[in-house]
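The values are calculated or read from the model by the stated rules, or taken from the named source; none is laboratory data. What you see is a predicted model, and the numbers here were worked out from it, not measured in a lab. So basically every Cβ, Gly included, is an ideal-geometry build from the backbone, and we count neighbours across all protein chains shown.
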Amino acid sequence: MNYPTRVKIVEVSPRDGLQNEKQVIDVSDKLQLINDLQLAGVKHIEVAGFVSPKWVPQLDDAKAVCAGLVKEEGVHHSALTPNLKGLDAAIEAGIEEVAVFTAASETFNQKNINCSIAESFERFAPVMEKAHAHNIKVRGYVSCVLGCPYEGAIDPKVVAEVTHKLHQMGCFEVSLGDTIGTGTPLNAQKMLGLCADLVPMDQLALHFHDTYGQALANIQACLELGASVVDASVAGIGGCPYAKGATGNVSTENVVYMLNGMGIETGIDLAQLVKAGQRISEVLGRQPNSQVALAIG
């Protein structure tokens, strides 16, 4: 097995996790979540998204969230910026890392961002250019890498091509999203292997949803190939507003517990992480969607 000795966890709950909540989440609660995550030792946190409030009203407070961030040494805050307007807002907010997103499914892309895959790259070009001019790192997201709610199975070669294109355009890391959580371990390995033929493995991230309970198995299978970056959401909050049945991200607590058991370092304090998940779950009025959190809790 080619397991890594350390895995970088990218915590997506403040943005990807909370963006689909129907209730309005106060800026103070979002900042408390981010502070709790930092206390637990999380070093990479997606804190906001500079997108149209018409489409994602929960992210309308991005500027306020960024203004209230406590900058700790070694902690990296990132934000979603699908266009130049979003990037300009992120630059003004002092964000050091941004993300752009596309999909490996033409239909999903049309329904999600109202353009083709090729057109999404055209939109990204000026964002990438300006971000790099300001020394801002750009991360890429690819949705539907293991299945699409509209097209079904997705050709892993298409995933690899889209991933390669993002990397060529200047993305320092590309996150591979199983948006509806239909992937299984061998399919995940095949997809990742094809992507790694074109992009260095340490620049690929796993963003697996747990809709069918397969996320941990898929992550473990990809770790065998040398993957070392995992996106996760504390308490398993979040999903995708454009993907029917996408019930949530894999919980960070479950991922860290598994990695601890494998002797793989994350630098994250599991007990503190559970507390962070419990606190935001109380705000949301429900239990954490994490077996580990419930067992420890």
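For segment 39-74, what are the residues that are more than 19 Å from V24 (Cβ to Cβ) and out of contact with any strand residue (DSSP E or B) (no Cβ under 7 Å at 6 or more places or on another chain)?
Residues satisfying the conditions are L39, A40, G41, V70, K71, E72, E73, G74.
Could you give me the residue pairs with C-beta distances under 6 Å whose first residue belongs to segment 218-231 and is closer than 19 Å to G181 by Cβ and modelled with pLDDT of 95 or more, whose second residue is assigned to a loop (DSSP other than H, G, I, E, B) and aromatic (F, W, Y) wherever it lies, and which are 6+ apart or on separate chains?
L223/Y3
Six or more apart or on different chains, Cβ atoms under 7 Å: show the pairs whose first residue is in segment 22-46 and closer than 21 Å to G267 by Cα and whose second is hydrophobic (A, V, I, L, M, F, W, C) and modelled with pLDDT under 95.
Every condition considered, the pairs that remain are N35/V70.
Condition check: of a type in the set (V, I, T), touching a His at 6+ places or on another chain (Cβ under 8 Å) and within 25 Å of C144 (Cα to Cα). Does V250 satisfy that?
Considered against the rule, which asks whether it is of a type in the set (V, I, T), touching a His at 6+ places or on another chain (Cβ under 8 Å) and within 25 Å of C144 (Cα to Cα), V250 comes out as yes.
So which residues in segment 168-183 are modelled with pLDDT of 95 or more and under 19 Å from the mean Cα position of the chain (by Cα), if there are any at all?
Those that are modelled with pLDDT of 95 or more and under 19 Å from the mean Cα position of the chain (by Cα): G170, C171, F172, E173, V174, S175, L176, G177, D178, G183.
Among the residues of segment 98-153, how many are over 20 Å from the mean Cα position of the chain (by Cα) and on the phi > 0 side of the Ramachandran plot?
Total meeting the criteria: 3.
How many residues are part of a loop (DSSP other than H, G, I, E, B) and out of contact with any Leu (no Cβ under 7 Å at 6 or more places or on another chain) if we restrict to segment 27-49?
The number of residues fulfilling the criteria is 3.
Can you confirm whether A89 is touching a residue at least 40 places away in the same chain (Cβ under 8 Å) and aliphatic (A, V, I, L, M)?
So A89 does not fit the description; no.
Within segment 232-262, take every residue that is hydroxyl-bearing (S, T, Y) and either part of a helix (DSSP H, G or I) or at pLDDT 95 or above (or both) and give me the one that is farthest from K111 (Cα to Cα).
Once the filter is applied, the top-ranked residue is Y257.
Determine if segment 279-287 includes at least one residue that is assigned to a loop (DSSP other than H, G, I, E, B), among the small types (G, A, S), modelled with pLDDT under 95 and under 13 Å from S13 (Cα atoms).
No; the residues of segment 279-287 include none that is assigned to a loop (DSSP other than H, G, I, E, B), among the small types (G, A, S), modelled with pLDDT under 95 and under 13 Å from S13 (Cα atoms).
For I117, which of the numbered conditions (1) surrounded by 22 or more Cβ atoms within 10 Å (Cβ to Cβ); (2) of a type outside the set (K, R); (3) touching a helix residue (DSSP H, G or I) at 6+ places or on another chain (Cβ under 9 Å); (4) at pLDDT below 95 fails to hold?
It is condition (1) that I117 fails.
Among the numbered criteria (1) over 16 Å from the mean Cα position of the chain (by Cα); (2) in a loop (DSSP other than H, G, I, E, B), which one does A221 miss?
Looking at each condition in turn, A221 falls short on (2).
Considering (1) at negative phi; (2) in a loop (DSSP other than H, G, I, E, B); (3) more than 15 Å from the chain's Cα centre (by Cα), say which one A64 fails and leave the rest.
(2)
I'd like the residue in segment 43-89 that is touching a Cys at 6+ places or on another chain (Cβ under 8 Å) and among the small types (G, A, S) and, out of all such residues, is surrounded by the most Cβ atoms within 10 Å (Cβ to Cβ).
In this case the residue turns out to be A48.
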